[in-house]
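S.K.: Structure incoming, see below.
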Amino acid sequence: MPKRVIVIGSGIIGASAAYHLAKAGARVTVLEAGETGGVATRASWAWINASRGNPEPYFRLRLRSIEEWHRLEHEVPGLAPNWCGGLIWDAPEAELEAYAAERERWGQPIRRVTRDEILGLEPNLTTAPDFAYHVASEGMVEPLAAAEALLSAAKSHGAEVITHAPVKWLEGESRVTGVMTNDGVIHADEVVVAAGEESAALLDSVGITLRMSTPPGLLSHSKPTRRLLNGLVMTPGLHVRQTAEGRLVAGTDFSGAEPIGDAEALAAGLPAKVESLAKGAEGVGLDFLTIGFRPTPADGFSAIGRPRDRAGLYAIVTHSGVTLAPALGLFAAQELLTGTRDALLTNFHPDRPVLT
């Protein structure tokens, strides 16, 4: 008898979990409080990368997820990651050199490039530094489209996706047996909490406290314009990429600016920085801004597994959802359906000290 699994949340993490579970034979229902894509996914800068300034286990998890992105792009129609590479000079020389040395030591190719090489990669830059680092294996994706592609693929395997269906609380005490919605209880063998910033409240409904934060990140989105950038460009105080439809998406770092005070004023200042960065961006301006709330366990790293070994309950809470979605969705499905926990998750169980 196939397991009945409820996935709470249709952002890219929930969508990946739903796809992998349904593909493996589970009867999956996705419950989304709003529109498909959730909150954080819609407002992600959508950089697929192995991170910087983090311990090796987290790097290994992210690197594996990049591999899973390559698998998924051949399995899931419409996913369309763009392996454009990342060009970075957003830190002092010593810090960048240490970053590059670490990546070389851990086995990720990274190349120091000269000013001429930078302009060869991005010929529309108005200026370029003496050197930067280029990571050819990095990429980007249109986050909402990717989540919707995964949900569509899940539905092709029999999953049901229900929007505008907020979950009030989890049902059950010693074992989670389902969820309470506006239409009553929906029962399941397993409930996967992949609800972003709402995850802590849902876990609290069954007496589990997850220490997490939801720092906001603001991004400015220009009107569509002709192709000006080939890849991800990360400079001091400005990270920018160009979407498939031609929008220049910018933040003050890869997480997006902190929208302290007047968000509109802060967003309005970003296009001026973009205009000074790229020839041809003059007058493109600001079309709209997004503010995303990044679900982040207290220590900054993914929390994935059964909190307090609670039967019927599985949590996936993480920042960097765009990078990590393919691996975490796959690993969750494997653990829920076969009992096998991937070794890469050793350091990321939710029962480490982020739980009290």
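S.K.: So, in the range 25-53, how many residues would count as being in a loop (DSSP other than H, G, I, E, B) and either of a type in the set (Val, Ile, Thr) or without any contact (Cβ under 8 Å) to a residue 12 or more places away in the chain (or both)?
M.R.: Quick first cut of the range 25-53, residues in a loop (DSSP other than H, G, I, E, B) only: 25-26, 32-46, 49-53.
Filter once more, so that each one left must be either of a type in the set (Val, Ile, Thr) or without any contact (Cβ under 8 Å) to a residue 12 or more places away in the chain (or both): 36, 39, 41.
Adding up the residues that qualify gives 3.
S.K.: Where in the range 167-223 are there strands (runs of 3 or more DSSP E), lying wholly inside it, with at least 3 residues that are open to solvent by 40 Å² or more (accessible area, probe 1.4 Å)? Don't jump to the end; show me each part of the working.
M.R.: Details: elements: 167-171, 178-181, 184-187, 190-193, 216-221.
Ranges flagged: 167-171, 184-187.
S.K.: Taking only pairs six or more apart or across chains, which ones have beta-carbon atoms under 7 Å, a first residue in the range 180-209 that is on the phi > 0 side of the Ramachandran plot, and a second residue that is aliphatic (A, V, I, L, M)?
M.R.: Between residues of the range 180-209 that are on the phi > 0 side of the Ramachandran plot and residues that are aliphatic (A, V, I, L, M), the close pairs are GLY196/VAL39; GLY196/ALA40.
S.K.: Let me ask something else about it. Quick one: in the range 1-24, of everything that is open to solvent by 40 Å² or more (accessible area, probe 1.4 Å) and in a loop (DSSP other than H, G, I, E, B), which residue is farthest from GLU335 (Cα to Cα)?
M.R.: MET1
S.K.: For LEU151, state whether it is outside any strand (DSSP E or B), touching a helix residue (DSSP H, G or I) at 6+ places or on another chain (Cβ under 7 Å) and not hydroxyl-bearing (Ser, Thr, Tyr).
M.R.: On the way: outside any strand (DSSP E or B): yes; touching a helix residue (DSSP H, G or I) at 6+ places or on another chain (Cβ under 7 Å): yes; not hydroxyl-bearing (Ser, Thr, Tyr): yes.
Judged against the criteria, LEU151 is a match.
S.K.: Shifting gears a bit: Which count do you get for residues in the range 239-254 that are open to solvent by 10 Å² or more (accessible area, probe 1.4 Å), without any contact (Cβ under 8 Å) to a residue 60 or more places away in the chain and of a type outside the set (D, E, K, R)?
M.R.: Residues flagged as open to solvent by 10 Å² or more (accessible area, probe 1.4 Å), without any contact (Cβ under 8 Å) to a residue 60 or more places away in the chain and of a type outside the set (D, E, K, R) within the range 239-254 amount to 1.
S.K.: Mind checking which residues of the range 100-122 are more than 17 Å from ALA50 (Cβ to Cβ) and in contact (Cβ under 8 Å) with a residue 24 or more places away in the chain?
M.R.: Residues satisfying the conditions are VAL113, ILE118, LEU121, GLU122.
Table: residues versus (1) within 30 Å of VAL30 (Cα to Cα); (2) of a type in the set (D, E, K, R).
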| residue | (1), (2) |
| --- | --- |
| LEU72 | yes, no |
| ARG111 | no, yes |
| THR114 | no, no |
| GLY120 | no, no |
| GLU142 | yes, yes |
| ALA145 | yes, no |
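S.K.: Within the range 259-271, is there a residue that is open to solvent by 10 Å² or more (accessible area, probe 1.4 Å), part of a loop (DSSP other than H, G, I, E, B) and at pLDDT 90 or above? Explain how you work it out, then say what you get.
M.R.: First, the residues of the range 259-271 that are open to solvent by 10 Å² or more (accessible area, probe 1.4 Å): 259-266, 268-269, 271.
Add one more test, that the residue is part of a loop (DSSP other than H, G, I, E, B), and what stays is 259-262.
From what's left, at pLDDT 90 or above: none.
No, every residue in the range 259-271 fails to be open to solvent by 10 Å² or more (accessible area, probe 1.4 Å), part of a loop (DSSP other than H, G, I, E, B) and at pLDDT 90 or above.
Conditions (1) crowded, with 17+ Cβ neighbours inside 10 Å; (2) within 19 Å of the chain's Cα centre (by Cα); (3) over 19 Å from PRO143 (Cβ atoms), marked per residue:
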| position | (1), (2), (3) |
| --- | --- |
| VAL30 | yes, yes, no |
| GLY37 | yes, yes, no |
| ARG52 | yes, yes, yes |
| PRO57 | no, yes, yes |
| GLY86 | yes, yes, no |
| PRO92 | no, no, yes |
| ALA98 | no, no, yes |
| ARG103 | yes, no, yes |
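S.K.: Within the set of pairs 6 or more residues apart or between chains, which connect a residue that is on the phi < 0 side of the Ramachandran plot inside the range 70-99 to a residue that is open to solvent by 20 Å² or more (accessible area, probe 1.4 Å) and basic (Lys, Arg) with Cβ atoms less than 6 Å apart?
M.R.: Going by the 6 Å Cβ cut-off, the qualifying pairs are TYR99/ARG52.
S.K.: In the range 278-337, what count of residues is obtained for those that are open to solvent by 10 Å² or more (accessible area, probe 1.4 Å) and of a type in the set (Phe, Trp, Tyr)?
M.R.: Matching residues across the range 278-337 total 3.
The values are calculated or read from the model by the stated rules, or taken from the named source; none is laboratory data. Worth saying up front: this structure is predicted, and the values here are computed from it rather than measured. A quick note on method: Cβ atoms are made from the backbone with ideal geometry, for glycine too, and the neighbour counts reach across all protein chains shown. When the accessible area is computed, the model is the full protein with side chains, heavy atoms only, and any ligands, DNA or RNA have been set aside. Shrake-Rupley method; radii C 1.70, N 1.55, O 1.52, S 1.80 Å.
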